[in-house]
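Chemist: I'd like to ask you about the structure that follows.
The values are calculated or read from the model by the stated rules, or taken from the named source; none is laboratory data. All values derive from a computational prediction rather than experimental measurement. Cβ placement follows ideal geometry from the backbone for every residue including glycine, while neighbour counts extend to all protein chains displayed.
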Amino acid sequence: MKTSNPVLARLGQAAERERGAGYGTAVGYPQPGYGQQHPTAGYPGAAGYPPAGHSDAPAYPTAPPATRAMSIDDVVVKTVTLLAILAASAAAAWVLVPDTLLGPAWIGAAVVGLVIGLVISFSRMANPALVIAYAVVEGVFVGMISKFFTSVMGYEGIVLQAVVATFGVFFTMAALYRARVVRSSPKFRRIMIAVMGGLFAAMLINFVLALFGVNTGLRDGGPVAIIFSLVCIVVASLSFILNFHEIEEGVRMGLPERYSWTAAFGILVGLIWLYIEILRLLSYFQGDD
């Protein structure tokens, strides 16, 4: 199997070795060794085995595969599960965390979520527990920022609008990818990775400068902030193409089922980022109401 993604290539090779480990010795039959005659010896044919289909040929049941390959259905189920966990965590945080603790809970969840996300991203093994923990922590983050815009800023209905827009964009990108209107080429992936890295670096620098009272204009609701959010929304939308391509390649290469958690994690990250940027953009146009 060939793929342009070296990580997927290594995972695919590991998956083949795992599956191969499940097809070894025939279950329940002794293997010939020193001083032991094979149970089929004496039949005509090569190496003492009866010809295929021979009525006296013994049945040799084989062991089942050691791992099951992931499918698109696995990724869908895991994604829906993570979204349900995130929604439950967000709702609990909205109800339980008072307005006076919105800031600390918001920043704390953002930092913890970033650390867990980096661990998952740079880990070579799928870890369902970490992915679920990420969904819980990010649920707190999403709940706090949503409550801020609704309860503190007074933007009624903005959360529902952002949720509808987020899933509308996601399903649109899925339809475009399925129709092959937008495809993931090696050049496209290189450009996307570079652009996303630049955007995250800009957001991190802006956050650090904001702590010292420096306003860069990226999040103040002005023209620069609107343009920056629009760019982030476009890039976040296109990031789903990378996710869909990796899922398609992972299924084609027969990656183990547990890697569907990693694929679902990638989609969850994109959905959270897209939701936050849409929420911010909508807030810019309600600031004067």
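Chemist: Are any of the residues in the range 56-77 among the hydrophobic types (A, V, I, L, M, F, W, C), assigned to a helix (DSSP H, G or I), closer than 24 Å to F200 by Cα and out of contact with any strand residue (DSSP E or B) (no Cβ under 8 Å at 6 or more places or on another chain)? Let's see the steps before the verdict.
Modeler: Of all residues in the range 56-77, those among the hydrophobic types (A, V, I, L, M, F, W, C) come to 57, 59, 63, 66, 69-70, 72, 75-77.
Narrowing further to those that are assigned to a helix (DSSP H, G or I): 72, 75-77.
Next cut, closer than 24 Å to F200 by Cα only: none.
Checked against the condition, which is being among the hydrophobic types (A, V, I, L, M, F, W, C), assigned to a helix (DSSP H, G or I), closer than 24 Å to F200 by Cα and out of contact with any strand residue (DSSP E or B) (no Cβ under 8 Å at 6 or more places or on another chain), the range 56-77 yields no hits at all.
Chemist: Which ones in the range 138-169 are surrounded by fewer than 19 Cβ atoms within 10 Å (Cβ to Cβ) and part of a helix (DSSP H, G or I)? Lay out the reasoning, then the answer.
Modeler: Initial filter on the range 138-169 (surrounded by fewer than 19 Cβ atoms within 10 Å (Cβ to Cβ)): 148, 150-154, 156-157, 160-161, 163-165, 167-168.
Matches in the range 138-169: F148, T150, S151, V152, L160, Q161, V163, V164, A165, F167, G168.
Chemist: For the range 88-104, what are the residues that are surrounded by 12 or more Cβ atoms within 10 Å (Cβ to Cβ) and not in a helix (DSSP H, G or I)?
Modeler: Of everything in the range 88-104, just one residue is surrounded by 12 or more Cβ atoms within 10 Å (Cβ to Cβ) and not in a helix (DSSP H, G or I), namely V97.
Chemist: Every residue in the range 230-281 that is of a type in the set (S, T, Y) and either farther than 17 Å from F200 by Cβ or touching a His at 6+ places or on another chain (Cβ under 7 Å) (or both), please. First the steps, then the outcome.
Modeler: In the first step, residues of the range 230-281 are kept if they are of a type in the set (S, T, Y); the result is 237, 239, 259-260, 262, 275.
Result: Y259, S260, T262.
Chemist: I would also like to ask the following. I need the full set of residues from the range 142-166 which are without any contact (Cβ under 8 Å) to a residue 40 or more places away in the chain and of a type in the set (A, V, I, L, M, F, W, C), in order please.
Modeler: Hits for the range 142-166 are L160, V164.
Chemist: Given the condition under 26 Å from M70 (Cα atoms), surrounded by 13 or more Cβ atoms within 10 Å (Cβ to Cβ), over 18 Å from the mean Cα position of the chain (by Cα) and touching a residue at least 24 places away in the same chain (Cβ under 8 Å), answer yes or no: does some residue in the range 182-196 qualify?
Modeler: yes
Chemist: Oh, and also: Could you tell me which numbered condition S260 fails, if it satisfies all but one of (1) outside any helix (DSSP H, G or I); (2) of a type in the set (S, T, N, Q); (3) closer than 19 Å to N127 by Cβ?
Modeler: Tallying (1) outside any helix (DSSP H, G or I); (2) of a type in the set (S, T, N, Q); (3) closer than 19 Å to N127 by Cβ, S260 fails exactly one: (1).
Chemist: Mind listing whichever residues of the range 208-237 are part of a helix (DSSP H, G or I) and farther than 18 Å from L281 by Cα? Full working, then the answer.
Modeler: Residues of the range 208-237 part of a helix (DSSP H, G or I): 208-211, 223-237.
Within the range 208-237, V208, L209, A210, L211 meet the criteria.
Chemist: Tally up the residues in the range 230-265 that are free of Cβ contacts under 8 Å to residues at least 24 places away in the same chain and buried (at least 19 other Cβ atoms within 10 Å of the Cβ), please.
Modeler: The number of residues fulfilling the criteria is 0.
Chemist: Run down I120, I107, I85 and say which single residue is among the β-branched types (V, I, T) and either in contact (Cβ under 8 Å) with a residue 60 or more places away in the chain or not in a helix (DSSP H, G or I) (or both).
Modeler: The conditions single out I120.
Chemist: Would you mind finding the one in V111, V97, V80, V115 that is within 20 Å of S151 (Cα to Cα) and either at pLDDT 90 or above or touching a His at 6+ places or on another chain (Cβ under 7 Å) (or both)? I'd like the intermediate steps shown before the answer.
Modeler: On the way: V111 fails: within 20 Å of S151 (Cα to Cα); V80 fails: within 20 Å of S151 (Cα to Cα); V115 fails: within 20 Å of S151 (Cα to Cα).
Just one listed residue meets the conditions, V97.
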